[in-house]
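Trainee: Sharing a structure with you now.
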Amino acid sequence: MLPTRHVVTQSQHAPPSAAPGGTDPGPLAYLSWKEAREPMSGIPLPNTQAIFYEQYESARRDEVVGILLALFLGGFGIHHFYLRRTGLGVLYCCFCWTPLPWVLGFIECFFMPGRVREFNAIQAAGIAAALGMSVPQGWGYPVNINVNMPPAGTGQAQGPAPASTLPLAGTLTACKSCHQTNVAGSRFCSACGSTL
């Protein structure tokens, strides 16, 4: 049986902004005035955040599982297959009759949490890029990493260097040995390695 719609008049379900005593346009084919304002669409709008979480949960790997695979089945290279490193997994399978992959599997169980985190971060970045969104906070590599920052007690200002100390784009230094041009401020030649 098909659902039927009830025909109501605007006076029965008038919007709050309608003035009393206005002109009655006749019966409307809507259930209420709210439905008349928001037309329905046959195409649902995708929720990219929900799609990201769904795809990430199916692609992510667990650290504890990786550790246990490396510890107990590391000689067969199962922990490498778990992280989609099939080349290393096949190599470990070829030499599983020797003690070398078993010893390496035991050693690698200590490195598995970092490898699993790296794998999960790469998966999150790939899924986010496919959906056209940025990786949500906390799903990629750690954010609070200070790279090439001077120690706190040196007295230099934190942040980028002033523009006067940066090498200019047009300033180049020629090597005395091979006559290769190098960026000003370099200590060694990029071509021959001699000191400038």
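Trainee: Per residue of segment 56-68, what does 6.51 cos²θ - 1.76 cosθ + 1.60 with θ = phi - 60° give for ³J(HN,Hα)? Whole Hz please, x for Gly and Pro, Karplus curve as stated.
Mentor: Result, ordered by residue: 5, 5, 7, 9, 6, 10, 9, 5, 5, 4, x, 5, 5 Hz.
Trainee: Also: List the residues whose amide H sits under 5 Å from the amide H of T173, counting only those 5 or more places along or on another chain, with H placed 1.01 Å from N in the peptide plane.
Mentor: Result for T173 returns N182, V183, A184.
Trainee: Still on this structure, please answer the following. Starting from the 7 Å offset along Cα-to-Cβ, what nm value, one decimal, do you get for the label separation of M133 and E57?
Mentor: About 1.4 nm, to one decimal.
Trainee: Across bins of 5 angstrom width beginning at 0, how are the C-alpha pair distances of segment 48-131 distributed, in whole percent?
Mentor: 3, 17, 23, 20, 14, 10, 7, 4, 2, 0
Trainee: Follow-up. Can you sort V135, V116 from fewest to most other Cβ atoms within 10 Å of each residue's own Cβ?
Mentor: Working: V135 17, V116 21.
Final ranking by Cβ density, sparse to dense: V135, V116.
Values in this text are rule-based calculations from the coordinates and carry no lab data. No experiment lies behind these values; they were computed from the predicted model shown. Backbone-built Cβ (ideal geometry, glycine too); neighbour counts: all protein chains shown.
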